[in-house]
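Q: Okay, here's the structure, questions in a sec.
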Amino acid sequence: MSKSSNVIAIVGKGGVGKTALSASLARVLISSEQNPLLVDADPAQGLTYLMGFGPDHKTIGLVRDEIIEKARAKGKDAKEEIAATFDYLIAETLMEKESFSLLAMGRGQSKGCFCPLNNLLRQAIESLSRNFPYVLIDAEAGIEQINREVVRSVTHLIILIDLSFRSIAVAEKIQETLKRLWIECRLGVVANRSSGDSSQIQEALRAQGIEIWGIIPEDPVLRENDLKGKTIFELPENSAMLIAAQKIAEKIS
Ligand SMILES: Nc1ncnc2c1ncn2[C@@H]1O[C@H](COP(=O)(O)OP(=O)(O)OP(=O)(O)O)[C@@H](O)[C@H]1O
Ligand SMILES: [Mg+2]
């Protein structure tokens, strides 16, 4: 991958392997000393755990709750104070390791619409992202986050699919949504846990003008690793998933 500001988001239906691929791509970037920023956009925080963090950490959702509470308690006077502490709060939420950083979005408890605050949060995250050559976003299942423009600033969108014709329909829908929102983003499909002949499906994707960035085989070592609750760093370097992730990283460079 070339060194510039790349924002890579991984989307797809529930359970297709988004978190496993995000963590594997993160490991590839970490081993080539790219110091990525990882954004765990799924409230379930699977990526956060897979990268080796425990349950006690701040999330953007919690920060958002704190700000809303402060604003409610102080009324208008809180505006300036909030503005002054905003970057500090985001920085405090950032989990830093020597070779990568991670921001967990979580989910706040506050009910109601706080659009100006959400916009501020998005801007703060976007400006933080600019300090990193690579940003990797593990999205929530489904395509809702694309519609909500949460991953608005992405440069590369990886649609992870299984090799079913239904998945192709989903990829096409995402392609349409992208055309409406960010035409400039590169889009590619990665097929996970594929076995058998996939040529017909690959053909259908190509006919739709969708690039195929990789095919990941079933990886029993990864499955075992996950069952034992191990981190991605405990996955052997020659595992099928890591080999595939390396190739995907080269493909989108
Ligand atoms: N190629 C693979 N080989 C074997 N197991 C895999 C493979 N890809 C993913 N898995 C396993 O499938 C399960 C689901 O994967 P993962 O949690 O990454 O999916 P997800 O898309 O992030 O799910 P969710 O939508 O719930 O966030 C995990 O146990 C993971 O280890
Ligand atoms: Mg996940």
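The values are calculated or read from the model by the stated rules, or taken from the named source; none is laboratory data. Keep in mind it's a predicted model, so treat the numbers as computed, not measured. Cβ placement follows ideal geometry from the backbone for every residue including glycine, while neighbour counts extend to all protein chains displayed. Accessible surface is based on the protein model in full, side chains and every heavy atom, while ligands, DNA and RNA are left aside. Shrake-Rupley method; radii C 1.70, N 1.55, O 1.52, S 1.80 Å.
Q: Residue pairs, Cβ under 8 Å, 6 or more apart or interchain, first in region 124-139 and more than 17 Å from Thr19 (Cβ to Cβ) and touching a residue at least 24 places away in the same chain (Cβ under 8 Å), second open to solvent by 30 Å² or more (accessible area, probe 1.4 Å) and outside any loop (DSSP other than H, G, I, E, B). List them.
A: Listed pairs, sorted by first residue: Ala124/Asp87; Leu128/Ala91.
Q: If you check Glu250, Glu184, Glu203, Glu224, which single one turns out to be more than 16 Å from ligand 2 (Cβ to nearest atom) and assigned to a loop (DSSP other than H, G, I, E, B)? Before the answer, list the steps.
A: Values: Glu250 fails: assigned to a loop (DSSP other than H, G, I, E, B); Glu203 fails: assigned to a loop (DSSP other than H, G, I, E, B); Glu224 fails: assigned to a loop (DSSP other than H, G, I, E, B).
Unique residue meeting the criteria: Glu184.
Q: Can you find a residue that is at pLDDT 95 or above and either among the basic types (Lys, Arg) or in contact with a strand residue (DSSP E or B) (Cβ under 6 Å, 6 or more places away or on another chain) (or both) anywhere in region 224-238?
A: yes
Q: Now a separate question. When the residues of region 227-247 are narrowed to those that are in a loop (DSSP other than H, G, I, E, B) and either aromatic (Phe, Trp, Tyr) or open to solvent by less than 90 Å² (accessible area, probe 1.4 Å) (or both), which ends up farthest from ligand 2 (Cβ to nearest atom)? Reasoning before the result, please.
A: Residues of region 227-247 in a loop (DSSP other than H, G, I, E, B): 228-231, 235-239.
After this cut, where a residue has to be either aromatic (Phe, Trp, Tyr) or open to solvent by less than 90 Å² (accessible area, probe 1.4 Å) (or both) as well, the list is 229-231, 235-236, 239.
Working: Gly229: 15, Lys230: 16, Thr231: 15, Leu235: 16, Pro236: 22, Ser239: 18 Å.
Once the filter is applied, the top-ranked residue is Pro236.
Q: Follow-up question, since we're still on this one. Just checking, does region 186-207 include any residue being closer than 30 Å to Lys97 by Cβ, in contact with a Ser or Thr (Cβ under 9 Å, 6 or more places away or on another chain), open to solvent by 60 Å² or more (accessible area, probe 1.4 Å) and free of Cβ contacts under 8 Å to residues at least 40 places away in the same chain?
A: Checked against the condition, which is being closer than 30 Å to Lys97 by Cβ, in contact with a Ser or Thr (Cβ under 9 Å, 6 or more places away or on another chain), open to solvent by 60 Å² or more (accessible area, probe 1.4 Å) and free of Cβ contacts under 8 Å to residues at least 40 places away in the same chain, region 186-207 yields no hits at all.
Q: Please pick out the residue among Leu29, Leu50 that is near ligand 2 (Cβ under 10 Å from one of its atoms), at pLDDT 95 or above and open to solvent by less than 30 Å² (accessible area, probe 1.4 Å).
A: Numbers: Leu29 fails: near ligand 2 (Cβ under 10 Å from one of its atoms).
None of the other options fit; the residue is Leu50.
Q: Can you find even one residue in region 139-148 that is over 16 Å from Lys58 (Cα atoms), outside any helix (DSSP H, G or I), at pLDDT 85 or above and in contact with a helix residue (DSSP H, G or I) (Cβ under 7 Å, 6 or more places away or on another chain)? Let's see the steps before the verdict.
A: So the first thing to find is which residues in region 139-148 are over 16 Å from Lys58 (Cα atoms), and the list is 139-148.
Those still in the list that are outside any helix (DSSP H, G or I) too: 139-143, 148.
After this cut, where a residue has to be at pLDDT 85 or above as well, the list is 139.
Filter once more, so that each one left must be in contact with a helix residue (DSSP H, G or I) (Cβ under 7 Å, 6 or more places away or on another chain): 139.
Within region 139-148, one or more residues are over 16 Å from Lys58 (Cα atoms), outside any helix (DSSP H, G or I), at pLDDT 85 or above and in contact with a helix residue (DSSP H, G or I) (Cβ under 7 Å, 6 or more places away or on another chain).
Q: Continuing with this model, one more query. Identify all residues within region 154-168 that are modelled with pLDDT under 85 and either more than 12 Å from the chain's Cα centre (by Cα) or surrounded by fewer than 18 Cβ atoms within 10 Å (Cβ to Cβ) (or both); write none if there are none. Break it down into steps so the answer makes sense when it comes.
A: To start, the set of residues in region 154-168 that are modelled with pLDDT under 85 comprises 154, 163-168.
Leu163, Ser164, Phe165, Arg166, Ser167, Ile168, listed by residue number.
Q: Report whether or not Leu37 is open to solvent by less than 20 Å² (accessible area, probe 1.4 Å), under 20 Å from Arg122 (Cα atoms), away from ligand 2 (no atom under 15 Å from the Cβ) and of a type outside the set (Lys, Arg). So that I can check it myself, show each step before the final result.
A: Values: open to solvent by less than 20 Å² (accessible area, probe 1.4 Å): yes; under 20 Å from Arg122 (Cα atoms): yes; away from ligand 2 (no atom under 15 Å from the Cβ): yes; of a type outside the set (Lys, Arg): yes.
Taking the combined requirement at face value, the residue satisfies it.
Q: Please count how many residues of region 18-42 are among the charged types (D, E, K, R) and within 12 Å of ligand 1 (Cβ to nearest atom).
A: Going residue by residue through region 18-42, those that are among the charged types (D, E, K, R) are 18, 27, 33, 40, 42.
Retained after the next criterion (residues that are within 12 Å of ligand 1 (Cβ to nearest atom)): 18, 40, 42.
Counting residues in region 18-42 that are among the charged types (D, E, K, R) and within 12 Å of ligand 1 (Cβ to nearest atom) gives 3.
Q: Still on this structure, please answer the following. Could you look through region 208-221, keep only residues that are part of a strand (DSSP E or B) and either aliphatic (A, V, I, L, M) or more than 10 Å from ligand 1 (Cβ to nearest atom) (or both), and pick out the one that is surrounded by the fewest Cβ atoms within 10 Å (Cβ to Cβ)?
A: By that ranking, first place goes to Glu211.
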